[in-house]
1. Right, CYS114: without any contact (Cβ under 8 Å) to a residue 40 or more places away in the chain and not assigned by TED's automatic domain parsing to the domain that holds GLY214 or not?
2. Having 3 or more residues that are within 23 Å of the chain's Cα centre (by Cα) and more than 14 Å from the ligand (Cβ to nearest atom) is the bar; report the helices (runs of 4 or more DSSP H) wholly within the stretch 29-132 that clear it.
3. What are the residue pairs meeting all of these: first residue in the stretch 49-64, first residue over 13 Å from ASN33 (Cβ atoms), second residue more than 10 Å from the ligand (Cβ to nearest atom), Cβ atoms under 6 Å, and 6 or more apart or on different chains?
4. Inside the stretch 247-284, can you point out the residues that are aromatic (Phe, Trp, Tyr), under 30 Å from VAL108 (Cβ atoms) and modelled with pLDDT of 90 or more?
Amino acid sequence: MSLTDLQIYIAFHPAVAAVYAGAIGACVGSFLNVCIHRLPKGKSIITPPSHCACGQPIPFTLNIPLIGWLVLKGKARCCGASISSRYPIIELLTGILFALAFLTLAPVKAIIACVFVSLLIILAGCDLNDMLVPDAPNFALVGTGLLLSIIAPSLHGETGSHLEVINRIASAKDALLGIAVGTALIWWIRTVATVILKQEAMGEADIILCAGVGAYCGWQGALFCLFGGAIIGVLIKLPSVLALFRQKEERESVPFVPSMAAASILWFFYGPQLIQTWQLWTQG
Ligand SMILES: [Zn+2]
């Protein structure tokens, strides 16, 4: 089966493709868990193979995504230690997003969505878990975004010319503009906010993340990543933000990377619909 055959099959059987994608997504999610656990600690994500916190290896059958955790009821068989619910949550989330990609997007864009979503889940997971965003997946987001833009110009909707090379150049230009806008935007906001708040606002990781989203989604996506992310971040944190105003306690940090990741995924999947809704709303 060639790649074109596969594309045609997916286009005609989106539901079947979504089921397969969901199952593959759950397995990928299992690997993303390993990345989230090990990358902030500077450990290798390849060796050693997954093992329990007590050091015992996990048998293959109990390592099956979601099912393994359900069979064990969240307790390790070797030592009875409880296994974080983060593991099945990440596996389920990755599976759902992979399936959704094939249900809502064109085949090529759906495959790219799986790469995009995986890297964002690692970044968000690391930030939530360790409040540390590793450089490797963050730079990988920028690098793969640019590379995939050149390989698949349809990522940026650049399919206008019958000359493929023109489409590729236009798509690379869109990605580079996205990187530039993403970087500049956060750099300015960070600089101004740091002066106003008199403490470091946003980290370098946020700049790289926004640039990576720009590479995948263009400059509009970078904008949405930042402002959509800010809105999501505030909504999640609203109860504690309100409590803060009442008690005037020390400023609590908002988990910005997960919020930006959520906004970026929303844009990647539903960008055109969001623009349409916005236009309808502003035009009354
Ligand atoms: Zn154990």
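1. Values: without any contact (Cβ under 8 Å) to a residue 40 or more places away in the chain: no; not assigned by TED's automatic domain parsing to the domain that holds GLY214: yes.
The answer is no for CYS114.
2. Details: elements: 67-72, 86-104, 107-130.
Ranges flagged: 86-104, 107-130.
3. LEU62/GLY68
4. Let us first name the residues in the stretch 247-284 that are aromatic (Phe, Trp, Tyr), namely 256, 267-270, 278, 281.
Retained after the next criterion (residues that are under 30 Å from VAL108 (Cβ atoms)): 267-270, 278.
The answer is TRP267, PHE268, PHE269, TYR270.
The values are calculated or read from the model by the stated rules, or taken from the named source; none is laboratory data. As the structure is a prediction and not an experimental result, all values here were calculated from the model. FYI the Cβ positions are ideal-geometry reconstructions off the backbone, even for glycines, and counts take in every protein chain you see.
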